[in-house]
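Single-structure report; data block below.
A short reminder: the numbers here are calculations on the coordinates, not readings from a lab. All values reported here derive from a predicted model rather than from experimental measurement. A quick note on method: Cβ atoms are made from the backbone with ideal geometry, for glycine too, and the neighbour counts reach across all protein chains shown.
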Amino acid sequence: MRLYLPDPAATAELASRLHAVLPADTAGWTLLLEGELGAGKSTIARALIAAMGHSGKVPSPTYTLVEPYELPRGMVYHIDLYRVTSEQELRYLGWNELEDGFRLVEWPDRAPALAASADLLIRLEYAPSGRNAEITGLSTRGAELVAQMSATTMT
Ligand SMILES: Nc1ncnc2c1ncn2[C@@H]1O[C@H](COP(=O)(O)OP(=O)(O)O)[C@@H](O)[C@H]1O
Ligand SMILES: [Mg+2]
């Protein structure tokens, strides 16, 4: 599914549209957020974390690699792999221990193997004004969710 996002509010709106179709239990789900610096990855992560019930700041996980959120519907892990240079470093992140929650991953291209077990991919690209977004289902359940999203009209 492709979308044109004219401004940051439209990027946040994409996150709430995604939130609207997410299952009640997102434990074990993985969303990859691709796009160059400034493309809007953190804007989506912040809006999604807020929609899931977090009030307050959503600091960048660039240095901590992962920021955990204990939310009403379960754990959400905001992950930023920007500084990861080899997939081996994921061991330090304890990737497998984050399976009990919903993993939102910025810069997943730093660890290509992640895509094999992910459910959803949002790719953001600069447009002459605003951004273009493409949402892809990577797993069966992810594809079902994208189909549901495209069936709902944007307000
Ligand atoms: N659709 C959009 N059009 C224009 N600017 C946007 C859009 N979405 C997000 N932005 C802005 O781009 C900047 C970078 O966003 P950010 O989410 O931090 O990017 P990233 O995490 O990909 O580096 C922010 O100032 C944000 O408000
Ligand atoms: Mg970011």
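Sorted ascending by nearby beta carbons within 10 Å, beginning with the fewest, ILE79, ILE135 become ILE135, ILE79. For the chain, the longest principal axis of the C-alpha atoms and the axis of helix 41-51 are separated by about 80°. For the range 26-108, the list of GluC sites (Glu not before Pro) that fall in a loop by DSSP and count at most 11 other C-beta atoms within 10 angstrom reads GLU36. Going from the fewest other Cβ atoms within 10 Å to the most, the residues TYR82, TYR4 appear in the order TYR4, TYR82.
Would you mind ranking HIS19, HIS78 by Cβ crowding within 10 Å, fewest neighbours first? Provide the component values of the computation, followed by the final result.
Numbers: HIS19 15, HIS78 26.
The fewest-first ordering by Cβ neighbours comes to HIS19, HIS78.
Across all Cα pairs in the chain, the calculated P(r) in 5 Å bins from zero up to the longest distance comes to 2, 9, 20, 24, 22, 15, 6, 1, 0 percent per bin. Dividing the helix sum by the residues of the chain, where each DSSP H run of 4 or more adds -39500 (n - 2.57), gives a mean residue ellipticity at 222 nm of -8000 deg cm²/dmol.
Identify the trypsin sites (Lys or Arg not before Pro) of the range 1-110 meeting these criteria: DSSP loop state and at most 16 other C-beta atoms within 10 Å of the C-beta.
Working: sites: ARG2, ARG17, LYS41, ARG46, LYS57, ARG73, ARG83, ARG91, ARG103, ARG110; in loops: LYS57, ARG73, ARG83.
Sparse-neighbourhood loop trypsin sites (Lys or Arg not before Pro): LYS57, ARG73, ARG83.
For VAL76, the shell of other residues with beta-carbons less than 10 Å away shows a net charge of 0, using +1 for Lys and Arg and -1 for Asp and Glu.
The relative contact order of the range 2-151 comes to 32 percent, based on Cα pairs under 8 Å that sit 6 or more residues apart. Rounded to the nearest 10 degrees, the inclination of helix 8-21 to the longest alpha-carbon principal axis of the chain is 80 degrees.
Our coupling estimate for the range 95-102, obtained by passing each phi through the Karplus curve with A = 6.51, B = -1.76, C = 1.60 and θ = phi - 60°, is 3, 5, 6, 8, 5, 7, x, 9 Hz, Gly and Pro reported as x. Taking the chain as a Gaussian network of alpha-carbon nodes connected by springs under 10 Å, the highest mean-square fluctuation of the residues GLY28, GLY130, GLY56 belongs to GLY56. Distances between placed amide hydrogens fall under 5 Å for GLU34 paired with ILE122, ARG123, LEU124, all partners being 5 or more residues away or on another chain.
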